[in-house]
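The values are calculated or read from the model by the stated rules, or taken from the named source; none is laboratory data. Please read these numbers as outputs of a predicted model, since none were measured by experiment. Ideal geometry is used to build each Cβ from the backbone, glycine not excepted, and the neighbour counts take in all protein chains shown. These accessible areas exclude ligands, DNA and RNA; they are computed on the full protein's heavy atoms, side chains included. Shrake-Rupley method; radii C 1.70, N 1.55, O 1.52, S 1.80 Å.
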Amino acid sequence: MSLIETERLILRPLDISDASQEYVDWLNDPDVNQYLETRHSVQTLESCIDFIKSCNNDPTTYLFGIFLKESNKHIGNVKIGAINTIYKRGQLSLFIGDKECWGKGYSRELVKSITNYAFEHLGLSRMEAGCYEDNIGSLKVFLKSGYNVEGFFRDHVIHDDKYQGCFWLGALKDEFL
């Protein structure tokens, strides 16, 4: 895996040495994890290390830490996973755990750069992502980054004790670049 630099961020392979109590706290924070599947169980330093190891040992997954370029502060993670080498597609997931970094455009910056990385360096031709219907911030990020809504799954998840749908988005290499 390569280092990816944007104007304000560095995306680098996440290592178990990046697992910290702050990282664990992000995953257990209801504001941060409200749209993450990790919210269904309490996270620990051990579970974070196990996740990092699992991703790093999986040839169909690329896990990057998101770091501020100016301070090298870890602010979240981004993953290209479920890579299908036959059909040349992968799925993108991300979170910004450091709430001081919310609303500053980092997600759009990293979605564009990691998607470009998937197309140019991994040879993928299609990237996919999903988001809950009331996660309007993520939906806007993906749309502004060149993804298109390709489907909507009704009553797909339970969030805040009620069913809600999920958007399925996609980006194609020949349309993205």
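For the chain, what is the mean residue ellipticity at 222 nm derived from helices alone (per DSSP H run of n ≥ 4: -39500 (n - 2.57); sum divided by total residues; nearest 500 deg cm²/dmol)?
Values: 6 runs with 52 residues, N = 177.
About -8000 deg cm²/dmol.
Would you mind telling me the share, in percent, of accessible area of the chain contributed by carbon and sulfur at probe 1.4 angstrom?
Values: 4640 of 9530 Å².
For the chain, the apolar C and S fraction of the accessible surface comes to 49 percent.
Could you calculate the contour length gain from Leu68 to Val157, that is, 0.36 nm times the residue separation minus the distance between their Cα atoms, to one decimal place in nm?
Details: separation 89, 0.36 × 89 = 32.04 nm, distance 3.23 nm.
So the chain would gain 28.8 nm between Leu68 and Val157.
Averaged per residue, what accessible area in Å² does the chain show with a 1.4 Å probe, protein chains only?
Numbers: 9530 Å² over 177 residues.
On a per-residue basis, 54 Å².
In nm, what is the difference between 0.36 nm times the number of residues separating Asp58 and Ile86 and their Cα-Cα distance?
8.4 nm
Roughly how far apart, in whole Å, are the Cα centres of region 88-167 and region 1-40?
So the separation of the two Cα centres works out to 15 Å.
Which pairs in the list Lys144/Lys173; Lys69/Lys144; Lys53/Lys99; Lys79/Lys140 are over 21 Å apart, alpha-carbon to alpha-carbon? Please list the in-between numbers first.
Numbers: Lys144/Lys173 16 Å; Lys69/Lys144 23 Å; Lys53/Lys99 25 Å; Lys79/Lys140 19 Å.
Exceeds cut-off: Lys69/Lys144; Lys53/Lys99.
Using DSSP H assignments, which helices in the chain have an axial alpha-carbon span of 18 Å or above and a mean Kyte-Doolittle hydropathy of -1.0 or higher? Show your work: numbers first, answer last.
On the way: long enough: 106-120 (21 Å, -0.45).
Result, helices passing both filters: 106-120.
Name the trypsin sites (Lys or Arg not before Pro) in region 38-105 that are in a loop by DSSP and that have at most 10 other C-beta atoms within 10 Å, would you?
Nothing satisfies the criteria.
With every protein chain left in place, what is the accessible area of Cys131 in Å² (1.4 Å probe, nearest 10)?
10
Please list, by residue number, every one of the GluC sites (Glu not before Pro) in region 1-96 that is coil in DSSP and has at most 14 other beta-carbon atoms within 10 Å. All intermediate terms of the calculation are to be shown ahead of the outcome.
Numbers: sites: Glu5, Glu7, Glu22, Glu37, Glu46, Glu70; in loops: Glu7, Glu70.
Those that pass, being in a loop and sparsely packed, are Glu7, Glu70.
Which value in Å does the Kirkwood hydrodynamic radius of region 1-66 take, with 1/r averaged over all unlike C-alpha pairs and then inverted? Can you show the working numbers first?
Working: mean 1/r = 0.0779 Å⁻¹.
Taking every pair of different Cα atoms in region 1-66, averaging 1/r and inverting gives 12.8 Å.
Say each of Asp174 and Ser125 gets a label point 7 Å from the Cα, pointing the same way as Cα to Cβ; how far apart are those two points in nm?
My value for the distance between the label points is 0.8 nm.
Return the FRET efficiency for the residue pair Ser17, Lys104: r is the Cβ-Cβ distance, R0 is 22 Å, and the value is rounded to the nearest 0.05. Don't skip to the answer; put the middle values down first.
Values: r = 26 Å, r/R0 = 1.18.
Efficiency at R0 = 22 Å is approximately 0.25.
For region 84-126, what is the Kirkwood hydrodynamic radius in Å, using each pair of distinct C-alpha atoms? Could the numbers behind the result be given before it?
Details: mean 1/r = 0.0862 Å⁻¹.
Here the Kirkwood hydrodynamic radius works out to 11.6 Å.
Quick one: ranking Trp26, Trp168, Trp102 by accessible area, 1.4 Å probe, largest first, what do you get? Please list the in-between numbers first.
Numbers: Trp26 15, Trp168 70, Trp102 105 Å².
So the residues, ranked largest to smallest area, are Trp102, Trp168, Trp26.
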